[in-house]
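Input: a single structure, listed below in structure tokens.
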Amino acid sequence: MEHMNIRVNFNMADYSNLDFPKKDREILRELAKRMAESAAKPIMQERRKLWTAHNMLQHTRPLILCDPENGWNEIIPDEIIQCENSIARYWELHIRKQIFWGEQMNDDYVVEPVFTLPYVHKVKPWGLQGKVSKFNKGIKMEQGGAYHIDAIMKDYDELAQVEKEAYILNYDATNNLYETACELFEGSLKTQRNTAWFWSVGLTDEAAFLRGMEQLMYDFYDEPENIHIMMAMLRDGVMAKLDFLEENGLFSLNNDNSYVGSGGIGYTTELPASDFSGRVRTKDMWGLSESQITVGVSTEMFKEFIFPYQKPIMERFGLTCYGCCEPMDQRFDIVKEVSNLRRISVSPWADKEMMASKLKQDYIYSLKPSPTDLASSKLDQDKVRRDLRETLRICRDNCVEIIMKDNHTLGKNPENLREWVRIVREEISVM
């Protein structure tokens, strides 16, 4: 099953059958009780307070979040899932992940007594009028593997034919499943509609999906005027998408245990906005922008062709994050123009000392250790400890969170994960 950040891609389920067999219902009820028990542990309240203080730039110890992403398939393989109905299997996987966090992971993730039910929907991706593209985020992608991008738009003369991304919602199925969840989890979990409509509003993934990765790199030099036109079109398309989600009441607050940015948990009392009256707007939420796909583009080109189109989108949100895998040491001085910027990714390729001096305690230093160490069949504990100790020395005066993510495998040894968290906790305790 495909995993998203923190959650599961529920949209991959087969929604043709909304009826859960009795056995599936019994399985889900029992698992929900275990999840509720985890959520009731006193440590969860301590972690809420830590994340809230941390996100508001108050002094705390470094916080730890471990989301093994594709490594979940080795922790909870398909054969462990007991439900038969396709939708129920996705629900079961999601709950089992929460239970693992609550019972075994020992990072700082907070299990809430809430079952988050996404809207049943389909995404109509960016495309060309009257043209069926073979591409939809990775024509040759296998789970956890690489993929090739086949360009949708072969020539900039086709810009006028580009159709924006759109959502097609199935409200009937959503309401039916909401009633099912409320009935199943009554007494254990609260059910709430909450959909991860997007991860980033960085625009450049969409640009590469339209033009192809290699061609896009040439375009920055050969087609500068058209790059500007395309980026403006993408900006306007994302703005329209955000308007649609706001106007139709489809957003949910993410100032809770939601995954925000490219790592971090969203607890804060700074959100929602002071004039919040119940309908969630972008200004009530955390947002994320990044441009990791343009890591090969110069700082000057980033400043001219990319950031000006990201900036107005970032400023719509109440608080915003920037960066993922791209090293931010050369781009931070550009993106810090955004006044609501709070969380900055410090990837394995970033100059950590430079980032420490730039971020100080004015921004969250979102440290991303390399997931490579966890991909071996046996964790090299000495190396993990040595690397982490040096990094913690560098950023000891920053507002630090340590985010393990981007794992494609745990070396078929989930114990690597628990050992990694244990080592991190020990090193934090002796900082």
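Any read-out appearing in this document is the output of simple, stated calculations on the displayed coordinates, not a laboratory observation. Bear in mind that the values here come from a model prediction, so they are computed numbers and not experimental data. Every residue, glycine among them, receives a Cβ derived from its backbone with ideal geometry; neighbour counts consider all protein chains shown.
So if R0 is 22 Å, what FRET efficiency would Asn170 and Trp199 give, r being the distance between their Cβ atoms, rounded to the nearest 0.05?
With a Förster radius of 22 Å, E is 0.50.
Assuming 0.36 nm per residue, please report the length gained on full extension of the stretch Asp333 to Gln58 beyond their Cα-Cα distance.
Working: separation 275, 0.36 × 275 = 99.00 nm, distance 2.27 nm.
Full extension of this stretch gives 96.7 nm more.
Taking only C-alpha pairs under 8 Å that are 6+ residues apart, what is the relative contact order of the chain in percent? Intermediate results must be reported in sequence, preceding the final value.
Values: 739 pairs, mean separation 78.9, N = 431.
This gives 18 percent for the chain.
Quick one: which of Lys352/Lys383; Lys23/Lys190; Lys97/Lys241 span more than 24 angstrom between C-alpha atoms? If you can, show how the numbers build up before the last one.
Values: Lys352/Lys383 18 Å; Lys23/Lys190 21 Å; Lys97/Lys241 30 Å.
Distance filter (> 24 Å) returns Lys97/Lys241.
How would you order 15-23, 121-129, 264-272, 352-360 from highest to lowest mean count of nearby Cβ atoms within 10 Å? Intermediate results must be reported in sequence, preceding the final value.
Working: 15-23: 12.8, 121-129: 15.4, 264-272: 20.6, 352-360: 18.0.
Ranking, from highest mean packing down: 264-272, 352-360, 121-129, 15-23.
From the helices alone, meaning DSSP H stretches of at least four residues, give me the mean residue ellipticity at 222 nm for the chain, per-run term -39500 (n - 2.57), in deg cm²/dmol to the nearest 500. Before the final figure, lay out the partial values.
On the way: 13 runs with 157 residues, N = 431.
Taking each H run of at least 4 residues, the total per residue is -11500 deg cm²/dmol.
Choose one of Ile95, Tyr156, Asn106: the residue whose Cα lies farthest towards the positive end of the charge dipole of region 10-429 (beta-carbon charges +1 Lys, Arg; -1 Asp, Glu; about the Cα centre).
Value computed over the given set: Asn106.
Under 13 Å from the Cβ of Gly261, count the other residues' Cβ atoms, weight Lys and Arg +1, Asp and Glu -1, and hand me the total. Display every interim value, and only then the final one.
Numbers: positive: Arg342, Arg343, Lys368, Lys405; negative: Asp67, Glu290, Glu401.
Combined, the nearby Lys, Arg, Asp and Glu give +1.
(i) 31.4, 103; (ii) 21.6, 62; (iii) 20.8, 65: which one is Rg and Dmax of the Cα atoms in Å as calculated from this entry?
(ii)
Could you please state, rounded to a whole Å, how far the C-alpha centre of region 326-360 is from the C-alpha centre of region 1-24?
Centre-to-centre (Cα) distance: 37 Å.
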